[in-house]
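The values are calculated or read from the model by the stated rules, or taken from the named source; none is laboratory data. Remember, predicted model here, so these are calculated numbers, not experimental data. Methodologically, a virtual Cβ is constructed for each residue, glycine included, from the backbone with ideal geometry; neighbour enumeration extends over all protein chains shown. Surface accessibility is based on the protein's heavy atoms, side chains included, excluding ligands, DNA and RNA. Shrake-Rupley method; radii C 1.70, N 1.55, O 1.52, S 1.80 Å.
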Amino acid sequence: SARWHITHSVLHGFNYSPPEIPFPGWIRYGTFFSEKNPWWSYFEKWAMYNTRISTVMQHSENFADIAVLHPLADMWSMYGPQRDPFPGVYYPDYQYRIWDAIHRNGNACDYVSEEVIRKSSCKDGCLTYGNRKYHTLMLLKVESLHPETAEKLLDFVKNGGKVIFVESEPFKSAGLQDYKNNDQKVKGTIRTLKKKYASSVFTVDPPQQNETGWFKMIQEKCDIKPYIKFSTVNLFVNQIRQQTETQDIYFISNCNVNNTISFDATFPHKNRQAWIWDPESGERYLYSKTTNNTLHIELEPATSKLIVFEKNKIEGKPLPILPQENANPLLLTDWQVTMRHINGEVNTRQIEELPDWSTLPETRSFAGELVYTTEVVNSGNFNYLDLGKVYGVSEVWVNGKNLGSRWYGRHLYLIPKEMAAHEKLEIKVMVTTTAGNYLKSDKANKVGQYWTFYQSWQPMGMLGEVKLF
């Protein structure tokens with residue numbers, strides 16, 4: 001089914017390559033999934049994370065409260081079908097960016113067809129198709145409309161729904177068969193729609209640049225209530241909503257790879273328990289920062305949260321609170337770095353400042369493991385090691401004990417209590433990079449050059465500031 005495809009990742013491609021084929025081997029298309037990729041040993045962490053997310057999505061129903069109709073008939077009449085190998089023309093050019101704008105502002109949408117609209121029923125202010133219910137229908141620069149679809153719009157508004165015309169209003173029918181009569185029907189129905197139900201029918205200008213701000217204006221103008229009210233709307237924060245019989249599930253993500261984003265979010269669920277489900281570990285935690293149905297949410301760089309509201313009251317453990325950095329952290333600056341290149345080269349250097357290795361001509365082509373080591377005289381009973389900015393997967397050892405790895409978000413490590421009071425801390429940080437810069441740098445590697453031609457040089461390594469606190 002379509003739902004299964006949307007919630008099920010298709011990994012492409014892991015291509016078989018004979019051992020004698022030079023690095024990187026045979027690559028047909030897609031992501032470089034291969035044991036020859038430096039980060040392959042960490043792939044299972046992403047796979048488990050993705051498995052749990054996919055399982056939740058496949059066993060729940062996606063929610064949307066707004067239907068969006070794009071001008072398929074108009075586009076075909078002007079540009080022809082846009083299919084293979086992918087759409088060459090977007091008409092209007094903002095049509096697919098509307099989805100982001102709606103979801104960033106706390107609503108959700110489905111793109112629908114005229115057939116879906118015509119087969120829907122209209123009752124209690126909703127356009128209902130199967131188990132989908134939409135309180136608002138947006139038409140994006142739609143000029144051509146089937147007469148029966150126009151009649152359904154009238155029925156929808158008559159029963160309490162809202163219709164928003166973006167940029168233009170329908171004034172003609174699709175096709176040439178009896179087109180003069182059908183054009184008049186469409187014009188007449190839209191005229192009646194606007195005249196009799198003016199308070200529920202809106203015509204708005206198209207977005208110019210900021211679609212997110214544009215839809216926020218539409219929410220206010222058209223009195224569209226979001227189901228999540230964000231204290232601040234952020235271009236990097238997006239959400240989707242899923243439902244089961246007993247749960248409302250929200251997947252909220254921060255796609256900013258550099259900054260933590262904090263905000264409050266008010267949900268439509270009073271007297272329900274909010275949980276955090278951790279798709280990396282499989283653990284469930286009671287959401288501790290709850291004021292009625294408003295949650296304070298903090299999203300570290302490139303992180304997401306799976307927030308679940310349940311009808312059933314279930315006992316559970318509270319969400320661990322992230323530590324607040326104290327006023328006098330210890331900055332770590334002197335490091336020995338061993339660079340283990342995937343081509344077999346190994347070299348070691350002493351550094352005082354942590355560079356982005358992709359900015360230095362002599363190390364720009366590196367791919368593999370960067371092993372940083374240092375020693376600290378522990379006079380503060382330090383509890384946490386914060387690596388700061390990291391480009392790559394980090395893994396940490398303190399006094400020989402492995403503290404785990406981080407492949408997204410904040411690269412923060414808890415130092416075990418029995419170790420915190422040691423007089424000396426031997427710290428080892430291994431950062432595993434991607435292979436793109438290496439492939440881009442090797443002009444003789446035709447496969448690498450083909451796949452990285454349009455790729456910019458990617459930041460690489462541990463940039464810090466590295467702190468103990």
Practice prompt. Using a 10 Å cut-off on Cβ atoms, rank the peptides 10-16, 258-264 from the highest mean neighbour count down.
Written response: 258-264, 10-16
Worksheet item: Amide H of Y111: which non-local residues (sequence gap of 5 or more, or other chain) have their own amide H closer than 5 Å, using H built in the peptide plane?
Response: V68
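Accessible area per residue of the chain at 1.4 Å probe, in Å²? Before the final figure, lay out the partial values.
Values: 24710 Å² over 469 residues.
Spelled out: the 1.4 Å probe surface of the chain, per residue, equals 53 Å².
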Worksheet item: Once phi is turned into θ = phi - 60°, what whole-Hz ³J(HN,Hα) does the Karplus curve with 6.51, -1.76 and 1.60 give for every residue of the range 76-82, x standing for Gly and Pro?
Response: 5, 5, 8, 10, x, x, 10
Item to complete: Give me the orientation-averaged projected area of the Cα convex hull of the range 286-331, in nm², one decimal.
Response: 5.2 nm²
Fill in: Rounded accessible area of Y79 (nearest 10 Å², 1.4 Å probe)
120 Å²
Discussion item. For the chain, what does the convex hull of the Cα positions come to per residue, in cubic angstrom?
Written reply: 184 Å³
Fill in: lysines with Cα under 19 Å of K401, excluding same-chain neighbours fewer than 8 positions away
K417, K424, K428, K467
Worksheet entry | Distance between the range 66-140 and the range 332-364 - C-alpha centres, whole angstrom | 50 Å
Worksheet, complete the sentence: Taking the alpha-carbon centre of each part, the distance from the range 189-226 to the range 255-273 in Å is 27 Å
Worksheet entry | Charge context of L332, other residues only, Cβ under 15 angstrom, K/R +1, D/E -1 | -4
Practice prompt. May I ask you to derive the FRET efficiency for Q209 and M78 from their Cβ-Cβ distance with R0 = 22 Å, giving the value to the nearest 0.05?
Written response: 0.40
Discussion item. Largest first, please: the extent of the C-alpha atoms of the range 58-151 along each principal axis, to the nearest Å.
Written reply: 38, 32, 24
Worksheet item: What percent antiparallel are the DSSP beta bridges of the range 160-283, to the nearest 5?
Response: 70 percent
Worksheet item: lysines within cross-link reach of K195: Cα-Cα under 19 Å, excluding same-chain residues under 8 positions apart?
Response: K152, K158, K162, K172, K185, K187, K221
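Working with all protein chains in place, sort W335, W99 by solvent-accessible area computed with a 1.4 Å probe, largest first. Please list the in-between numbers first.
On the way: W335 0, W99 80 Å².
Largest to smallest exposure gives the sequence W99, W335.
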Item to complete: Please work out whether the range 1-97 counts as rounded, prolate or oblate from its C-alpha gyration tensor, where a ≥ b ≥ c are the square roots of the eigenvalues and a/c under 1.5 means rounded, while otherwise a/b larger than b/c means prolate and anything else oblate?
Response: oblate
Item to complete: Compare R28, R284 by solvent-accessible area with a 1.4 Å probe and give them largest first, with all protein chains kept in place.
Response: R28, R284
Worksheet item: Which order do D100, D205, D110 take when ranked by solvent-accessible area (1.4 Å probe, heavy atoms of all protein chains), largest first?
Response: D205, D100, D110
Worksheet entry | DSSP-defined beta bridges in the range 100-180 - what % are antiparallel, rounded to 5 | 50 percent
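What FRET efficiency comes out for V447 versus K123 if R0 is 60 angstrom and r is the Cβ-Cβ distance? Round to the nearest 0.05.
Working: r = 58 Å, r/R0 = 0.97.
With a Förster radius of 60 Å, E is 0.55.
Could you give the length gained on full extension between S168 and R349, defined as 0.36 nm per residue of separation minus the Cα-Cα distance, in nm? Each step should come with its number before you reach the end.
Numbers: separation 181, 0.36 × 181 = 65.16 nm, distance 6.39 nm.
Gain on stretching S168 to R349: 58.8 nm.
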Response to the item:
In order over the range 421-426: 3J(HN,Hα) from phi, Karplus 6.51/-1.76/1.60, θ = phi - 60°, whole Hz, x for each Gly or Pro, gives 9, 4, 5, 9, 10, 9
Discussion item. Check which residues have an amide H placed less than 5 Å from E465's amide H, if you skip close sequence neighbours.
Written reply: K389
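Taking all protein chains in place and a 1.4 Å probe, what share, in percent, of the accessible surface of the chain do carbon and sulfur account for?
Working: 12680 of 24710 Å².
Of all accessible area on the chain, carbon and sulfur atoms account for 51 percent.
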Fill in: 0 to 90° range, to nearest 10: angle between helix 211-222 axis and the chain longest Cα axis
40 degrees
Worksheet entry | Förster-model FRET efficiency, 45 Å R0, K195 and E325, C-beta, rounded to 0.05 | 0.15
